[in-house]
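What follows is a single structure, written as structure tokens, with notes after it.
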Amino acid sequence: MTNRLVLLISGRGSNLQSILNACQSGQISSTEIVCVISNRAEAPGLAVAIQAGIPTQVIAHRDYASREDFDAALRRSIDAHHPDLVVLAGFMRQLTAAFVSHYLGRMVNIHPSLLPAFPGLHTHARALEKGVCWHGATVHFVTPELDAGPIIVQAAVPVLATDDPASLAARVLEAEHQIYPQALAAILSGRCRLEAGRVHWSTPLPGAEGTVVHPVLAAPA
Ligand code: GAR
């Protein structure tokens, strides 16, 4: 049976592209992106979908009087596609608790930080401001609290002395493009699911030992 994904985007669509590549290469097997929905008509990611022959839809939040009305319209559109999984790929709207509850365990998000650090916006600038040595990305199940759902996988990247928000964002984005397809493959193959509010892996994860030390200590004294 083919898994059905609906992707929600608001912008560039680079995560959409990485997920699409993974579906096409078989890294995510037996899976079709059945629709890409954007809340912004000008989102460049829509062209990525159109280029790949994926149906697109724009549901502009500005056309709705309230968050509830927008979420109701979004839900109607998503459900018409009967998705197995709803994938937020740079979707920059807060969703109501009722909407999120409807998709509990069936909706995932990627966030550009090592949650629970730096939920919300401008994560890269805030990481630099705090002087953290490590930054990264998190894939998680979506729950009503913003950027706070049960964590499926994370990737860490070092923060370098020469970084500005753009260079750090580029390093994190590369990590995003690795882990989002991996996480989706795990969920869609049934290896990973949300159970009683926690992420449950059906196959034991291989052990990993050791400490990774930030490259700053490898610099000549
Ligand atoms: C990505 O960095 C993603 O992690 C972030 O938006 C960007 C979308 O890029 N999402 C969030 O901040 C959600 N809180 P893309 O359109 O190129 O995939």
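The values are calculated or read from the model by the stated rules, or taken from the named source; none is laboratory data. As the structure is a computational prediction, the values presented were derived from the model and not from experiment. So basically every Cβ, Gly included, is an ideal-geometry build from the backbone, and we count neighbours across all protein chains shown. What goes into the accessible areas is simple: the full protein's heavy atoms, side chains included, and nothing from ligands, DNA or RNA. Shrake-Rupley method; radii C 1.70, N 1.55, O 1.52, S 1.80 Å.
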Checklist entry - Within segment 198-215, can one find any residue that is modelled with pLDDT of 95 or more, over 16 Å from GLY136 (Cβ atoms), surrounded by 15 or more Cβ atoms within 10 Å (Cβ to Cβ) and out of contact with any strand residue (DSSP E or B) (no Cβ under 6 Å at 6 or more places or on another chain)? => result no
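Quick one: in segment 49-73, which of the residues that are touching a strand residue (DSSP E or B) at 6+ places or on another chain (Cβ under 9 Å) and within 16 Å of the ligand (Cβ to nearest atom) is most open to solvent (accessible area, probe 1.4 Å)?
Only one residue tops the list, namely ILE50.
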Item to check | Residue list for segment 136-159, restricted to those being away from the ligand (no atom under 12 Å from the Cβ) and farther than 26 Å from ARG191 by Cβ | outcome: PRO158, VAL159
Checklist outcome for this item: Restricting segment 148-161 to residues that are touching a Leu at 6+ places or on another chain (Cβ under 7 Å) and among the β-branched types (Val, Ile, Thr), the one surrounded by the fewest Cβ atoms within 10 Å (Cβ to Cβ) turns out to be ILE151
Next on the checklist: Can you pull out every residue in segment 78-101 that is open to solvent by less than 20 Å² (accessible area, probe 1.4 Å), outside any strand (DSSP E or B) and closer than 15 Å to ILE9 by Cβ?
Outcome noted: ILE78, PRO83, ALA89, PHE91
Checklist entry - Given (1) within 16 Å of the ligand (Cβ to nearest atom); (2) open to solvent by 20 Å² or more (accessible area, probe 1.4 Å); (3) among the hydrophobic types (A, V, I, L, M, F, W, C), where does LEU104 come up short, assuming only one miss? => result (1)
Item to check | Selection from segment 132-142 of residues that are open to solvent by 10 Å² or more (accessible area, probe 1.4 Å) and in contact with a Gly (Cβ under 7 Å, 6 or more places away or on another chain) | outcome: VAL142
Checklist outcome for this item: Here the residues within segment 29-48 that are within 16 Å of the ligand (Cβ to nearest atom) and in contact (Cβ under 8 Å) with a residue 40 or more places away in the chain are ILE37, ASN39, GLY45
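Could you tell me which of the residues GLU176, GLU145, GLU129 is loosely packed, with under 15 Cβ neighbours inside 10 Å, closer than 28 Å to LEU217 by Cβ and either at pLDDT 95 or above or outside the structural domain of ALA218 (by TED's automatic domain parsing) (or both)?
From the options GLU176, GLU145, GLU129, the qualifying one is GLU129.
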Next on the checklist: Please pick out the residue among ALA80, ALA97, ALA52 that is more than 13 Å from CYS35 (Cα to Cα) and small (Gly, Ala, Ser).
Outcome noted: ALA97
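Restricting to segment 108-126, and then to whatever is surrounded by fewer than 19 Cβ atoms within 10 Å (Cβ to Cβ) and within 9 Å of the ligand (Cβ to nearest atom), can you tell me which residue is farthest from ALA196 (Cα to Cα)? Quick ask: steps written out before the conclusion?
Residues of segment 108-126 surrounded by fewer than 19 Cβ atoms within 10 Å (Cβ to Cβ): 116-117, 119-122, 125-126.
With within 9 Å of the ligand (Cβ to nearest atom) added as a condition, the list becomes 119-121.
Values: PRO119: 23, GLY120: 25, LEU121: 29 Å.
It comes out as LEU121.
Can we say ALA170 is of a type outside the set (Asp, Glu), open to solvent by 10 Å² or more (accessible area, probe 1.4 Å) and more than 14 Å from the ligand (Cβ to nearest atom)? Steps first, please.
Working: of a type outside the set (Asp, Glu): yes; open to solvent by 10 Å² or more (accessible area, probe 1.4 Å): yes; more than 14 Å from the ligand (Cβ to nearest atom): no.
No: the conditions fail for ALA170.
Tell me, yes or no, whether segment 3-11 has at least one residue that is open to solvent by 70 Å² or more (accessible area, probe 1.4 Å) and either in a loop (DSSP other than H, G, I, E, B) or away from the ligand (no atom under 14 Å from the Cβ) (or both).
Yes, segment 3-11 contains at least one residue that is open to solvent by 70 Å² or more (accessible area, probe 1.4 Å) and either in a loop (DSSP other than H, G, I, E, B) or away from the ligand (no atom under 14 Å from the Cβ) (or both).
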